[in-house]
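> The structure under discussion is supplied below as structure tokens; questions concerning it will follow.
Laboratory data are not the source of any read-out in this text; all were calculated from the coordinates shown. The structure displayed is predicted, hence computed values, not measured ones. Neighbour counts run over all protein chains shown; Cβ positions are idealised from the backbone, glycine included.
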Amino acid sequence: MTGKEFEPAMLSRDGGLVVRQAEPLNLEGPFAALNGRITPTGQFYVRSHFPAPEIDAEAFRLTVDGAVEREIGLSLDELLRMPATTRAATLECAGNGRVFLTPPAEGVQWHLGAVGTAEWTGVPLDEVLQRAGLQTEAGEIVLEGADRGVVRDKGAPPGEIAYARGVCVEDAGRVLLAYAMNGEPLTREHGFPLRAIVPGHYAMASVKWLTRIHVATEPFQGYFQTEDYAYWDGAAGNAVRRPIRAMALKSSIARPVEGTVVEAGSETTIAGAAWSGGPGLERVEVSTDGGTTWAAAEFLDAEEPGVWRRWQYVWRVPEAGEYVLLSRATDVAWNVQPSAHDERFGAYVIHRMVPVAVSARRLR
Ligand SMILES: Nc1nc2c(c(=O)[nH]1)N[C@H]1C(S)=C(S)[C@@H](COP(=O)(O)O)O[C@H]1N2
Ligand SMILES: [Mo]
């Protein structure tokens, strides 16, 4: 494929995407429809802060500047000719699950579906940085999108800003500059023609419509790095503001959904996914009595860093009544998914267990 033939794939919205906000476009994926390890693009959530820019593939340039030996500009053709890598990565919006917070928090009211896993194809960021040559003082790689706008929130700068996020030089090795999602050119909504993928990090790091890589010598202090998508570290003492980075340990129940009526005496499969940007997963357990007793679920997918694992548990529904389902993930370092939200993260990093209430009835 050459840059000339490179056109955005069309986003089909008949896969059950739910509009959470029309402008800018924010679509939630149907998590209850979780089926394969890979989320079809038509079911993959869309999260954007500004209107999606229309980028002409032929005119596109990726600029690399800042603390580099030589400033470079790469066309899409040049990127497409570089050695390509394909890998799966789970993207989760740091605000996924916001609707479950009490008291309610402002922002897009995501339920369970601001998460998905796709197969991404592109060029390792390292390859591009090698062409430019990093100076020894390089500290943070600032990924900048072509989308811009005015943010009308308290704490936002006046005037237009671009969407931008920094990744530490130490994390650059895992970053992919992707032009394809699930084997097709990116859709406009998912960042056509080029986006970053930072496996293991919350998805605000995976900058879409990527047109500039600025190598900085100091930690990046941009709005989406220090004000938005940041948290208070050490809230008990002298708290400092730090960027949110790695995805927290989490499991979510996809099915049954809240309010389902299941048949007493039947076997009902409880299914979901679990993921973490830290140590690998050790196990997922399921409770059908609101957390009093737990049983091990079975993983359907192997461990792969930065990629979720589907799991399931076959529940022998004992008798008619009300049941509260929970799932709980544990990682190999024995961290356990919490039951309460960590207030330091505000309306982000919502990885606590979410109870699912179901009823069992005698149907015959
Ligand atoms: N340029 C740009 N990149 C962006 C964003 C954005 O608004 N502009 N949103 C970020 C956030 S908050 C998320 S959760 C992911 C969503 O990626 P998706 O829309 O492909 O699911 O993109 C990230 N990259
Ligand atoms: Mo996000």
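> With just the Cα atoms defining each centre, how far is segment 297-361 from segment 3-47? Give it in Å.
24
> Where in segment 82-155 are there GluC sites (Glu not before Pro) that are in a DSSP coil and have at most 12 other Cβ atoms within 10 angstrom of their Cβ?
Sparse-neighbourhood loop GluC sites (Glu not before Pro): Glu106, Glu137.
> Using 0.36 nm per residue of separation minus the Cα-Cα distance, give me the extension gain between Met10 and Glu322 in nm, one decimal.
Answer, rounded to one decimal: 108.0 nm.
> Determine the dipole magnitude for segment 136-229: charges of +1 sit on the beta-carbon of Lys and Arg, -1 on that of Asp and Glu, nothing else is charged, the reference point is the Cα centre, and the result goes in debye to the nearest 20. Before the final figure, lay out the partial values.
Numbers: 9 positive and 13 negative charges, 61 e Å.
With only Lys, Arg, Asp and Glu charged at Cβ, the dipole is about 300 debye.
> Next question, about the same structure. Where the centroid of each part is defined by its Cα atoms, how far is segment 200-222 from segment 122-161 in Å?
If you average the Cα positions of each part, the centres end up 4 Å apart.
> State to the nearest 20 debye the size of the charge dipole of the chain about its Cα centre, where the only charges are +1 on K and R beta carbons and -1 on D and E beta carbons.
Dipole size: approximately 800 debye.
> Past the 22 angstrom mark, what percentage of all C-alpha to C-alpha distances in segment 18-243 do you count?
In whole percent, the share of Cα-Cα pairs in segment 18-243 beyond 22 Å is 52.
> Counting other Cβ atoms within 10 Å of each Cβ, which GluC sites (Glu not before Pro) in segment 236-313 have at most 16 and sit in a DSSP loop?
Passing both the DSSP loop test and the Cβ count: Glu258, Glu303.
> 222 nm [θ] for the chain, helices only, -39500 (n - 2.57) per DSSP H run of 4+, per residue, to 500?
After summing the helix terms and dividing by residue count, I get -1000 deg cm²/dmol.
> Next question. With a/c under 1.5 counting as rounded, go ahead and sort segment 1-44 into rounded, prolate or oblate using the C-alpha gyration tensor (a ≥ b ≥ c being the square roots of the eigenvalues; past the cut-off, prolate if a/b is larger than b/c, else oblate).
oblate
> May I have the convex hull volume per residue, in Å³, for the Cα set of segment 250-361?
Details: hull volume 11.0 nm³, N = 112.
Enclosed volume per residue, from the Cα hull, is 98 Å³.
> Taking Cα pairs under 8 Å and at least six residues apart, what relative contact order does segment 250-361 come out at, in percent?
About 36 percent, as a whole number.
> Could you tell me how many cubic angstrom of Cα convex hull volume segment 193-333 has per residue? Present the calculation step by step, with values, prior to reporting the outcome.
Numbers: hull volume 25.5 nm³, N = 141.
Given the Cα convex hull of segment 193-333, per-residue volume reads 181 Å³.
> Over the chain, calculate the relative contact order: mean separation of alpha carbon pairs under 8 Å at least 6 apart, over the residue count, as a percent.
Contact order relative to length: 16 percent.
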